[in-house]
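Below: one structure, written as structure tokens.
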Amino acid sequence: MRKRRTVWTTVLGLALSAGVIASVLPAAEAEDPRTVVQQAVNAELTANREDHTLWKYVQREANGDSFLVVQTRYGSVKRHINEHGHPASAQTLAADDAYNSRFERDPSLQAKQRRDSQHDDKSATELLKQMPDAFVWKVEGETADGISMSYEPNTDFTPPSMESRVMSAMSGKMVVSKPAHRIKSFTGRLMEDVNIGWGLLARIRAGSNFDVQRREVAPGLWQITETHVHVDGHALFFKTIGQQQDEINSDFTIVPPATTLEQAVAMLQQPSAAGAPCCSAMKPR
């Protein structure tokens, strides 16, 4: 589970999680919004394909829970640091340890995690490729650090899948960093209800929104640092949806590629892990 979660982080986080620096747009092209978006999409797809960096990081949730997460090529494991703003209880830590021990020894649990990730990764890649055509883009501003853009649904775009039908109904903003030309932030809001299969397959209500923030956490390597997802409705065609999510990720450290699950579980139990701070004051957006 090297990549991550939820309707909109599935769309973005999985396809935007890696880190190869893209070439810089020529100045003459920088004013063309579709060109900016297309090159950013190309850069992210290339990065996602070529980067296989694994991470240890702290994951904080709005309810005061925080976790230490360790990724390996076999799967990801995590352990509480805090719960509801206080140090995790011995009972909670024991439950985490029991599950991680089981995960470490159970190939079926590892396979399920991989299948869910692969399903979401495939959907994310397809949706990312559609971004230049699915929306009408407009450059709102440009600085030395990035290009700010807004987008609205493109009425001439025919969504090829149920996922893209939901995604292409959003309006919002995107910031592309310079000079690396990486997607720095992506926000959106559904302006009207979307019903698929008479509401049986999906019913996403107007006002549903997402906010994904990304940063360069090591030279040339980008990760999602904030995720805020508030979806009012349901969709049966995603496997790993979290409809309400507020999460901050920080303290990224690269994990050696040869790290085993046994070693990852041991990292979670190191005394230094328990000392990681908790962002218990974070409030849902």
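Structure values in brief
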item	result
Segment 176-220, residues that are over 14 Å from the mean Cα position of the chain (by Cα), farther than 20 Å from Asp246 by Cβ and aliphatic (A, V, I, L, M)	Val176, Ala180, Met191, Val194, Ile196, Leu200, Leu201, Ala202, Ala206, Ala218
Val58 being farther than 30 Å from Met174 by Cβ and touching a residue at least 40 places away in the same chain (Cβ under 8 Å)	no
Per-region count, segment 140-149, residues surrounded by fewer than 16 Cβ atoms within 10 Å (Cβ to Cβ) and part of a strand (DSSP E or B)	3
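Each row is one residue, and each column tells you yes or no for (1) out of contact with any helix residue (DSSP H, G or I) (no Cβ under 7 Å at 6 or more places or on another chain); (2) modelled with pLDDT of 90 or more; (3) not in a loop (DSSP other than H, G, I, E, B).
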{"position": "Gln223", "(1), (2), (3)": "yes, yes, yes"}
{"position": "Thr253", "(1), (2), (3)": "yes, yes, yes"}
{"position": "Pro257", "(1), (2), (3)": "yes, yes, no"}
{"position": "Ser272", "(1), (2), (3)": "yes, no, yes"}
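The values are calculated or read from the model by the stated rules, or taken from the named source; none is laboratory data. Only a predicted model underlies this, so the values are computations on that prediction, with no experimental measurement involved. Counting neighbours? That spans all protein chains shown, and the Cβs are built from the backbone with ideal geometry, glycine included.
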